[in-house]
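**Student:** Would you mind keeping the following structure in view while I ask a few things?
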Amino acid sequence: RAVTCLAQEASVLWKVGQKTFRCMMALQTQEYEQDLRTVIQKVPLFEHLTQSEITRFTDALTLVAFPKGKRILSHHQKGEFFYIIKEGTVRCHDIGLGGSMYIESLLLNAGEWFGERALLTGEPRAASVTAVTDVTCYCLDRKTFESAIGSLQHIIEKGLNKKFLQTLPIFSNSDFDEHEIDELAALLSEQCFKKGKMICEVEKPVSRDLWIIKEGKIVVTDKKGGIFALESGDYYGDKFIKDGPECLSSQTAIFEENSTCFVLTHSDIVDIIGDISRLGKSIPFTTAQLNK
């Protein structure tokens with residue numbers, strides 16, 4: 001024995017044999033692992049993982065708890081953890097970077113996730129996350145993610161693209177079916193653009209495509225002299241998607257540096273949703289003019 005235990009008063013104890021205790025612990029571990037697998041399989045992001053992939057994933061996760069009102073992530077904070085909600089509800093708010101605007105807030109519940117953007121890009125958080133109720137999450141730090149989950153990154157990116165589209169006003173303020181968002185996300189094409197490449201020019205025909213900046217910077221100048229900088233996590237082109245083919249641009253947009261974007265073409269959007277009027281209303285830029 002490692003310790004001596006003395007009864008301080010008359011007591012009644014239950015005795016558990018070593019063999020029984022080990023069986024109880026094994027059963028508890030088995031139930032915990034099954035519970036974790038069930039939660040992961042409910043996350044659309046991981047629904048196509050094989051059993052061996054799920055095992056690799058679950059082995060790397062840690063269970064953490066946050067009380068109601070706790071700020072879990074802060075906007076612009078360096079991100080190190082990815083979370084899957086086991087129990088409770090969180091609110092994502094202060095969403096966006098640069099000059100793009102998104103929906104004001106988003107509630108996430110059990111089986112949903114957050115924090116994956118920072119794991120993939122190493123960039124600051126694009127939103128704050130606060131516990132609406134007492135919350136229990138499974139989490140994975142960036143170092144573990146990169147060493148143990150590396151080959152699954154393409155799966156994370158696919159789910160990230162879908163969730164990103166759902167936060168854009170033109171999609172979030174619409175009545176799209178789940179499968180339509182899935183198809184739109186699958187059509188996002190990653191493309192590279194050199195510094196100086198022009199997307200559109202004032203009084204010239206506009207392409208009506210949607211650009212989502214993965215890395216780099218776009219500078220937009222409007223007719224009134226407003227100058228806006230769009231960076232990683234921002235998007236451009238949503239304001240022209242509903243315009244007709246002969247529409248002339250009211251802005252000039254140029255890549256300020258070598259950049260990588262996810263591009264969703266106007267034709268792809270029409271092919272999936274049919275009537276372009278189903279898109280929600282876009283939100284104007286709100287950033288101050290550039291001082292350089």
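**Student:** Using modelled amide H (1.01 Å from N, peptide plane; none on Pro or chain starts), what sits under 5 Å from the amide H of I72, excluding residues fewer than 5 places away?
**Tutor:** Here V129, T130, A131 satisfy the definition.
**Student:** Length gain on complete extension for the stretch T38 to V64, per 0.36 nm per residue less the alpha carbon to alpha carbon distance?
**Tutor:** That pair, T38 and V64, stretches by 7.6 nm at full extension.
**Student:** Between L248 and K195, take the C-beta separation as r, use R0 = 22 Å, and let me know the FRET efficiency to the nearest 0.05.
**Tutor:** The value I calculate is 0.30.
**Student:** Here's something else I'd like to know. For every other residue with a beta carbon closer than 13 angstrom to the beta carbon of G69, add +1 if it is Lys or Arg and -1 if Asp or Glu, then tell me the sum.
**Tutor:** Its environment carries a net charge of +3.
**Student:** What length, rounded to one decimal in nm, is gained on full extension from L6 through to H179, with 0.36 nm per residue of separation minus their alpha-carbon distance?
**Tutor:** Length gained between L6 and H179: 55.9 nm.
**Student:** Net charge near K242: determine it from the other residues with C-beta under 14 Å of the C-beta of K242, scoring Lys and Arg +1 and Asp and Glu -1.
**Tutor:** -1
**Student:** While we're here: How much accessible area does H266 have with a 1.4 Å probe, in Å² rounded to the nearest 10?
**Tutor:** 30 Å²
**Student:** In nm, to one decimal, how far is the K78 label point from the K15 one, both placed 7 Å along Cα→Cβ?
**Tutor:** Output for this residue pair reads 5.7 nm.
The values are calculated or read from the model by the stated rules, or taken from the named source; none is laboratory data. Treat the numbers as computed from the prediction; the structure is a model and nothing was measured. FYI the Cβ positions are ideal-geometry reconstructions off the backbone, even for glycines, and counts take in every protein chain you see. These area figures cover heavy atoms from the full protein model, side chains too; ligands, DNA and RNA do not enter into them. Shrake-Rupley method; radii C 1.70, N 1.55, O 1.52, S 1.80 Å.
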